[in-house]
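Read-outs: derived from the displayed coordinates by stated rules, not from any lab. Keep in mind that this is a model prediction, so the values were computed, not measured. Cβ sites come from the backbone with ideal geometry, for glycine too, and all protein chains shown count toward neighbours.
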Amino acid sequence: MIRPLFRLAAATVAATLVIVLSVTLVSAGRSNLDAARAATARFHSIGQAAAAGYGQPPAPAPLHFCIDDQMGMGAMGFHYINGALLSGDEAGVVDPNRPEVLVYAPDARGKLHLVALEYVIFAGDWTGSTAPSLFNQTFSYTPSPNRYDIPAFYSLHVWLWKDNPDGEFAPMNPEVSCN
C-alpha cells in the first residue's frame, strides 16, 4: 500500500514541477516581448529608426525591396537594417531590445508602418552548438545562396506590431502585401 502512494506522490510532484517550469518559461518569454515592445515603440517613426542607425540597403540589393512570399501567401515588408548590430562586437549577440532589423509594411496609400522585428545572426558569427533562440523560439536557418543574396543566417521574425493569423513568429504575414 505504501509503494503505490509513494508513486502517486512522486508523479504529483513531477507534474507540478513541469507545470511550474512551463509557466515560468512562458512568463519569461512574454516579459522579453514586453521589453522588446517598449524598446522599439519609438521606431514607429522612420526618422527615429534612421537616427538609431536603421536604414534600407541601397537598390538594387534584394533587401531594398518589399519582401513577399513569392507564392502569393503574404509578405514581410520592407527591411530597415542596423548594420552595426550585424558586425563587429555586436555580431552574434541576441538582445531582445536591439533587433537587427525593423520591418515596415505599406498601407493602401503606400505609407509605411512598423509591423515586425527581425533578429538576425549570420551563421559564421554564431558560436553556439545549436541554433540561437529568443522568446522561447528557435531561430530559422537560411542557407546560402538565398534570394536575399547574403551569407547563410539565422533569423526570427516577431510580429509585435501587427497581428499575424499565421502566428506571432511566422516569417510571412498573409495580411501584409507589397502591392
Test result for residue 60, loosely packed, with under 15 Cβ neighbours inside 10 Å and either closer than 20 Å to residue 173 by Cβ or not small (Gly, Ala, Ser) (or both): yes
With the structure loaded, tell me whether residue 98 is buried (at least 16 other Cβ atoms within 10 Å of the Cβ) and among the basic types (Lys, Arg) or whether it fails that test. yes
Matching residues in the stretch 39-62 (assigned to a helix (DSSP H, G or I), within 18 Å of the chain's Cα centre (by Cα) and in contact (Cβ under 8 Å) with a residue 40 or more places away in the chain) number 5
How about the stretch 45-57: which of its residues are loosely packed, with under 15 Cβ neighbours inside 10 Å and among the aliphatic types (A, V, I, L, M)? 50, 51
Matching residues in the stretch 63-86 - criterion: being part of a loop (DSSP other than H, G, I, E, B) and at positive phi: 70, 72, 74
